[in-house]
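**Q** First the structure, then my questions, so here it is.
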Amino acid sequence: MAEDGRRGFEAGKWLNEPAEWSLADETLNVVTDHGSDFWRETHYGFVRDSGHFFGVDVPGDFTAQVRVRGAFEALYDQAGLMVRLDPERWLKAGIEWTDGAPNIGSVLTLGRSDWAASPFSGDSGDFRLRLTVSAGVLRLQVSEDGARWPLLRLCPFPAAASYRVGPMCCTPERAGLKLRFSEFSVGPPLGKDLHDLG
């Protein structure tokens, strides 16, 4: 842990460890397993809790940030950030390949999953996410360059004494999506104005 209390990959633990991964020079490299996914009930009726999640435990409110690089190309290929309390309370967010194109979106699950997605105009092979949970509110931001951070989602999220947060990736329809997660940090919530882009 850094002197300012920020955490990185060194504190991470796997939920559904992939067969192939490595951690070196503060970069997490992952190759996804076939059939990996996170979803609960809505529309499809099934429950999936087999996605890859490298989470860091954090006491109380926080801001987490990560850079994601990968070549999304098959239906439902996805990667980004996840915050999780238990199998029925979590949020995942990032790029997901659907309708023949990369989309940026998020799935909030509080018993059942929702899904909000829209076409991504930037480089889906290299993007950043920032996730803040504070006082029972979750704020999700995306960045194409690490400088501007427009709002992607604002929603209630259960207040808790601790959370687990970190990189997430899934490939429900195949195996072999290669991903690089870097510039990962977790620390106190930023507390910036809602529409602050920096």
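The values are calculated or read from the model by the stated rules, or taken from the named source; none is laboratory data. Keep in mind the model is a prediction, meaning the values are calculated, not measured. For neighbour counting, all protein chains shown are included, and Cβ atoms are generated from backbone atoms with ideal geometry for every residue, glycine included.
**Q** For residues in segment 178-193 being of a type in the set (A, V, I, L, M, F, W, C) and out of contact with any Gly (no Cβ under 6 Å at 6 or more places or on another chain), which is farthest from G51 (Cα to Cα)?
**A** L190
**Q** What are the pairs with Cβ atoms under 8 angstrom where one residue, in segment 129-142, is in contact (Cβ under 8 Å) with a residue 60 or more places away in the chain and the other, located anywhere, is aromatic (F, W, Y) and not in a strand (DSSP E or B)? Sequence gap at least six, or different chains.
**A** Once the first residue is in contact (Cβ under 8 Å) with a residue 60 or more places away in the chain and sits in segment 129-142, its partners that are aromatic (F, W, Y) and not in a strand (DSSP E or B) give R130/W149; V133/F157.
**Q** Here's another thing I want to ask about it. Of the numbered conditions (1) among the β-branched types (V, I, T); (2) surrounded by 24 or more Cβ atoms within 10 Å (Cβ to Cβ); (3) not in a strand (DSSP E or B), V66 fails exactly one; give the number of that condition.
**A** All conditions pass for V66, except number (3).
**Q** Here is a follow-up. Can you tell me which residue in segment 28-63 is nearest to V107 (Cα to Cα), limited to those that are outside any strand (DSSP E or B) and β-branched (V, I, T)?
**A** Looking at residues that are outside any strand (DSSP E or B) and β-branched (V, I, T), I get T42.
**Q** If you go through segment 146-198, how many residues are outside any strand (DSSP E or B) and touching a residue at least 60 places away in the same chain (Cβ under 8 Å)?
**A** Count: 15.
**Q** Now for a different question. Quick one: what pairs do we get from segment 110-125, first residue in contact (Cβ under 8 Å) with a residue 12 or more places away in the chain and surrounded by fewer than 16 Cβ atoms within 10 Å (Cβ to Cβ), second in a loop (DSSP other than H, G, I, E, B) and charged (D, E, K, R), C-beta under 7 Å, 6+ apart or different chains?
**A** Cβ pairs passing all conditions: G111/E88; R112/E41; G122/E144; D123/E144.
**Q** Report yes if some residue within segment 96-112 is assigned to a loop (DSSP other than H, G, I, E, B) and at pLDDT 95 or above; otherwise report no.
**A** yes
**Q** So which residues in segment 147-198 are of a type in the set (D, E, K, R) and closer than 30 Å to D33 by Cα?
**A** R153, R164, E173, R174, K178, R180, E183 - these are the residues of segment 147-198 that are of a type in the set (D, E, K, R) and closer than 30 Å to D33 by Cα.
**Q** Any idea which residue in segment 74-109 is surrounded by the fewest Cβ atoms within 10 Å (Cβ to Cβ), counting only those that are of a type in the set (D, E, K, R) and touching a residue at least 40 places away in the same chain (Cβ under 8 Å)?
**A** So, considering only residues that are of a type in the set (D, E, K, R) and touching a residue at least 40 places away in the same chain (Cβ under 8 Å), the one surrounded by the fewest Cβ atoms within 10 Å (Cβ to Cβ) is E88.
**Q** Now, a different point. Could you list all residues from segment 117-145 that are aliphatic (A, V, I, L, M) and touching a strand residue (DSSP E or B) at 6+ places or on another chain (Cβ under 8 Å)?
**A** Matches in segment 117-145: A117, L129, L131, V133, V137, L138, L140, V142.
**Q** Separate question: Which ones in segment 1-23 are modelled with pLDDT under 95 and farther than 21 Å from A93 by Cβ?
**A** M1, A2, E3, D4, G5, E10
**Q** Out of curiosity, is A64 at pLDDT 95 or above and either more than 26 Å from P158 (Cβ to Cβ) or aromatic (F, W, Y) (or both)?
**A** no
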